[in-house]
Structure formats: structure tokens, C-alpha cells
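The values are calculated or read from the model by the stated rules, or taken from the named source; none is laboratory data. Note that the structure is a prediction, hence the values are computed from the model and not measured. Counting neighbours? That spans all protein chains shown, and the Cβs are built from the backbone with ideal geometry, glycine included. Side chains are part of the model used for accessible areas, which takes the heavy atoms of the whole protein and leaves out ligands, DNA and RNA. Shrake-Rupley method; radii C 1.70, N 1.55, O 1.52, S 1.80 Å.
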Amino acid sequence: MARVLVTEKIADSGLDLLRSAGHEVDVQEGLSPEELLGAIVGAHALIIRSSTQVTAEVLAAGTALQVVGRAGVGLDNVDVKAATVRGVMVVNAPTSNILSVAEQAMALLLAQARNIPQAHASLVAGRWERSKWEGVELHGKVLGVVGLGRAGSLVAQRAHAFGMELIGFDPFVSPERARAMGVRLVTIEELVGEADFVSIHTPKTPETIGLFGRDLLAKAKPGIRIINTARGGIVDEEALAEAIRDGIVAGAGLDVFAKEPCTDSPLFALPGVVVSPHLGASTEEAQDKAGVTIAEQVLLSLGGDFVPYAVNVAATDVSDEVRPFMPLAEQLGRLLGCLHHGLPDGLEIECQGELAAVSTGILTLSALKGVFGGSTDEPVSYVNAPQLAEERGLEVRETSTATSRDYKSLITLRSKSHSVAGTLFSAGRTSAPRIVMVDDHVVEVAPSAHMLVVRNDDRPGMIGIVGTALGAADISISSMAVGPSPVAATAMMVISTTDSAPDGVVDQLRGDEGILDIHRVSL
């Protein structure tokens, strides 16, 4: 029998499942951080929602702790890295609220199209205003779905039943997968230019914060209507209000806001706006699913069984030879995804040299984690990475070669149009990762949080052009590697910078003579 500490409200069905398995369920809601440090002592499992902060200090106090379960998706309140170091499994319930979120999007879509909340408020206030609240039909309209993951695909399915034409933007979904959903893939600019309605289901990342801002809304089809049930901050609320007042956007339906709780917004005074206080997951069914799902995951973990929603499975059977290469493989996957600005057009993972003599399947999973790391709000794990590849139409192939000409061990990732490779260099008792090839250009640079990959004509002055542009933007270069092409008169610069290069700098360099290609990379 294990002691399961529950610090936030969980559906009774989940708690009953734990009790029926013979475990002690210790419900202590509303604990302060200090009280949590005492309560965690002796607990074998901890179940939380979004409020409890599971810090490194809490994990250190829970010396008997085997698993932390989050009854929901996000894990911002859990120190997953510290849990992994201590051998504590972290699990979540990523699919529990997907259906509820999709239905909330459809509810806002219909409510906004037919002005239902406004008409209700008018009627209960004693006014019969039929002509004032005339709406529009969904049938025959174009719906642009931004983000074709689980929730986005469910919305597309439901909108199709209303007779809507579907277009979509998602750099991590293949055209074949989109076609199977009845969605035509377009760029984000094409989407806002063609769509009558937009439903947002993309994760909140540095690339999507403020995505629907003044610049994009200025390119929108007049009369467009925008629905957001994803994350606050993806839509610039000031810019949206301005676009509605200017007549560019006909209206909006918002369930999420940049700052929550939100009780004051320029959008609230606009008649074409329908809002709700982040109710996407607030259904009885979603809460019940979350409780049952997390209880099931905790039971599997305590029983030593396979746990499908574990987010930090480190595969205890990984050999000592392979384990140090796992972070490198993940960084290479992330780099390849950045070179494609989304889903690679195929993925081949080749392990060469000493690595080829051992089992390297975990390196393929690590590479997939990197590829999909910025594509979903759901934490990408060694468990769900293959499923994401299948869902999004990414073909994966593994190969190994016992020989490596220049390195003891080498990991190479290739798509149809890009390639990257890396290895580990010994540095005393530790191993230092190095990127040693990008697009068949030989380079040597340490992976960094902020990088630029620049392909240019191989002629004098090109390094100066890039350095001057970065310097003018107060961006310092911390390291640089330059490699010529083996077959063409081009060179590759791989640059580590102290900060991410701004859009203006990247656009300026992209337009300079001699710059053939440029990619901003975040590892």
C-alpha cells in the first residue's frame, strides 16, 4: 500500500480508483509551501493541479516519492528536471480536456456568428431587437484553423459537418496528414486573407506570442472573425480591439487572455465580441476524465508498469555509452526543425562509430522530442514522440554504421532538404556536445540557446556583413564556426549569440546580396 498525497481538488472517481486499489489517499488541499514540505514526507505519490508548486526543495523533502501526477496538461508548476535527477516520474493527463476545448471553440464560433449573448442580454433587459442582432451562417464560409493538433483537428471535423470550407496553418503537420483531415494547408498570411472565421489552437511559444498582432491583422480579409481557446497572448488584444473598431475584423470570441484573471479589457466594450473566463476545460466530463486519467497513470507508475503519459521517462535500460548522447540528439532534432521552420520532410537518424554497436532507439526518441518540442502545449516525451510523428505524417528511418571516418561516435539527422550532425568531445571527466555538420558543411560549434545558421556566397566580406548587422542591434556573438561547401562556392556560418536575433535583423540579412539562406535557431 502506498500513500498518495492529493493537494488540490480531484474528481471523486479518480480518488475512488486509488482507494479501490488499496492505497491510502491523503487529501490536504490548500497547503502553504511550508506545509507542503512537511506533508510530502513519506508520500509515495503526489497528485496536483495547477496551483501546487513542486519545486526541487519539495522533491528533496519527498524522499519516498516515486511519482508526481498533474491532473491536466501543463507542467509549468513542476520542476521536471529536478524530478528526473531524483528518479521521480512525472505524469499528466494530456487528453482529458481536448474534447471540451474543441466544443468551447465551436460554442464561441456559433455564439459570435449569431450574436447570442448580446441578444440574450438585450431581451432580458426588456428590449426586442431582432434586426440589431442579425448574424451570419457558418455554411459555405471558410474556417482557418491555426494549429492542427488534437483540439484543432476536432474543431475542423465539427466545422466540416456545418458545411464550412477548411484551410489550416501548422508547420508541424504534413500536407498529406492535412488532406486526410479535409484541410488545405496555407501560410498564416494566406489563412487570414482567405478565412471568414479563424479558430486558434496553436501552443504559446516565443514564435506565436503576439502572432495575431497589427501586422497580421492588417492583411486579414475584411469581416474576419477570430476565435481563441488556445492560450492568452497569442492574440494581441489591443491590436484586435483596434482592428474591430476600424472595421477590419467583424468580431471575436475569446476564452483566454494575456493576463488572467482578466476583468477589464478594451474588447469588453465592443458589441461584436463574445468572451468567457477560460472555460475550455471547465466541464464535468473533462474534470472527471482528468481525475480518472491521472489516477490510472499513478497506479501504473506505483505498480512498475508502462506509463503512457509519463513525460520524463529516462529508460533505465539505456546503456552508459548511449545516455550522454541523448541531450545532443534532442538538440539536433530541434536544430533540424528550426532549419525547416516546422515539420521536416522526412527524418533519417544515423548512428556511426562506437554508438552503432549498442542499442540506440532512445536516440531516435530524443531526436523526435527535439523536432516536436516547440509544436505543442503537451509536453513531448519519449513515450508520446512516436505518436506525434505518426499523427503529423513524419516518416522516420533509423540506420547505423560501424565506421566513422573522423569521430569515435557521430549522430546524423537528415531530411530530404537539410542535414545536421553532432558528437561528444571529451573534456576531462565530462563530455562536451558539438555540432559538426550543417547541410553538409563541416563546422564545429557548441549548441547554444540562441543561434543563427547562415548560408552565403563564399567570398570576402560576408562575415563582416553578418557581424555588423548583429552589432547594430546590440547582439553579441559568443562563438562562430564557418565551413565551406564541399561541392559549391558557398559557405555556412553557424553563430551563437547572447540573445535571439530580432526579426528586423533576420529580414535585413535575408535581403542582403550574397546571403542565400538564414535560419534563427533556439535550442
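Once the dipole of the chain is set up with Lys and Arg at +1 and Asp and Glu at -1 on Cβ about the Cα centre, which of G193, V124, A161 lies farthest towards its positive end?
Of G193, V124, A161, it is A161.
Given +1 on the Cβ of Lys and Arg, -1 on the Cβ of Asp and Glu, and no further charges, what dipole in debye does the range 236-351 carry about its Cα centre, rounded to the nearest 20?
Dipole of the range 236-351, to the nearest 20 debye: 160 debye.
Sorted by mean Cβ packing within 10 Å, highest first, what order do the peptides 120-129, 413-422, 389-398 take?
413-422, 389-398, 120-129
Got the relative contact order for the chain handy, in percent, Cα pairs under 8 Å and 6 or more residues apart?
12
Sort 196-206, 260-270 by the packing proxy (mean of other Cβ within 10 Å over each peptide's residues), most packed first.
196-206, 260-270
Taking 20 °C and 1.002 mPa s as the conditions, I'd like the Stokes-Einstein D for the range 25-163 in µm²/s, using the Kirkwood hydrodynamic radius from alpha carbon pairs.
Rounded to a whole number, D works out at 114 µm²/s.
List the GluC sites (Glu not before Pro) in the range 146-246 that DSSP assigns to loop (not H, G, I, E or B) and whose Cβ has at most 11 other Cβ atoms within 10 Å. Which are they?
Here no loop site has a sparse enough neighbourhood.
With the crude spin-label approximation of a point 7 Å out along Cα→Cβ, what separation in nm comes out for T283 versus S431?
4.7
Rounding to the nearest 20 debye, state how big the charge dipole of the chain is about its Cα centre with +1 on each Lys and Arg Cβ and -1 on each Asp and Glu Cβ. Please report the intermediate quantities before stating the final value.
Numbers: 41 positive and 64 negative charges, 78 e Å.
With only Lys, Arg, Asp and Glu charged at Cβ, the dipole is about 380 debye.
Take the alpha-carbon centre of the range 1-28, take the same for the range 422-469, and report the distance between them in whole Å.
Here the two parts' Cα centres lie 51 Å apart.
Given a 1.4 Å probe, how much area per residue of the chain is accessible, in Å²?
Per residue, the chain has 45 Å² of solvent-accessible surface.
For K408, go through the lysines and keep the ones whose alpha-carbon is under 25 Å away, minus same-chain ones fewer than eight residues off.
Candidates past the 8-residue exclusion: K369.
Carbon and sulfur together cover what percent of the accessible area of the range 435-523 at a 1.4 Å probe radius?
Carbon-and-sulfur percentage of accessible area, whole number: 52.
Among DSSP beta bridges whose residues both lie in the chain, state the antiparallel percentage, nearest 5. Show your work: numbers first, answer last.
Numbers: 43 of 89 bridges.
So the antiparallel bridges in the chain amount to around 50 percent.
Tally up the carbon and sulfur contribution to the accessible surface of the range 333-377 as a whole percent, 1.4 Å probe, everything protein left in place.
Carbon with sulfur: 44 percent of the solvent-accessible area.
Hey, can you grab everything whose amide H is under 5 Å from the amide H of G213? Only 5+ residues off in sequence or another chain; H modelled, so Pro and N-termini drop out.
Under 5 Å from the amide H of G213: D236.
Among rounded, prolate and oblate, which fits the range 238-324 when a ≥ b ≥ c are the square roots of the eigenvalues of its C-alpha gyration tensor, a/c under 1.5 means rounded, and a/b larger than b/c means prolate?
It comes out prolate by the Cα gyration axes.
Please work out whether the range 436-523 counts as rounded, prolate or oblate from its C-alpha gyration tensor, where a ≥ b ≥ c are the square roots of the eigenvalues and a/c under 1.5 means rounded, while otherwise a/b larger than b/c means prolate and anything else oblate? Please report the intermediate quantities before stating the final value.
Details: a/c = 1.83, a/b = 1.20, b/c = 1.52.
Note, shape of the range 436-523 comes out oblate.
Could you look at the range 149-247 and say what percent of its accessible area is carbon and sulfur, using a 1.4 Å probe and all protein chains?
Its accessible area is 51 percent carbon and sulfur atoms.
Is the chain rounded, prolate or oblate when judged by the Cα gyration tensor, a ≥ b ≥ c being the square roots of its eigenvalues, rounded requiring a/c under 1.5 and prolate requiring a/b larger than b/c?
Taking the square roots of the gyration eigenvalues as a ≥ b ≥ c, the chain is oblate.
In terms of modelled amide H atoms, which long-range or inter-chain residues lie less than 5 Å from the amide H of G233?
The answer is A258.
What are the ³J(HN,Hα) values, in whole Hz, obtained from phi via the Karplus relation 6.51 cos²θ - 1.76 cosθ + 1.60 with θ = phi - 60°, for each residue of the range 183-192 in sequence order, with x given for Gly and Pro?
10, 9, 6, 9, 6, 5, 5, 5, 4, 5
Just to check I understand the Karplus step: with θ = phi - 60° and J = 6.51 cos²θ - 1.76 cosθ + 1.60, what whole-Hz values come out for the range 473-483, glycine and proline as x?
9, 6, 9, 8, 8, 8, 6, 8, 10, 10, x
Under DSSP H, which helices of the chain have Cα atoms covering 20 Å or more of the helix axis and a Kyte-Doolittle average no less than -1.0?
Within the chain the helices that satisfy the rule are 98-114, 284-302, 326-340.
Report ³J(HN,Hα) in whole Hz for each residue of the range 166-181, in order, from the Karplus equation J = 6.51 cos²θ - 1.76 cosθ + 1.60 where θ = phi - 60°; Gly and Pro get x.
10, 10, x, 10, 6, x, 9, 10, 6, x, 5, 5, 5, 4, 5, 8
Just add up the charged neighbours of L332: K/R +1, D/E -1, any other residue whose Cβ is under 15 Å from the Cβ of L332.
Values: positive: R334, K369, R414, R434; negative: E330, E348, E350, E398, D439, D440, E444.
Here the count lands on -3.
Scan around S400 for amide H atoms under 5 Å from its own, H built in the peptide plane at 1.01 Å from N, and keep only partners 5 or more places away or cross-chain.
C351
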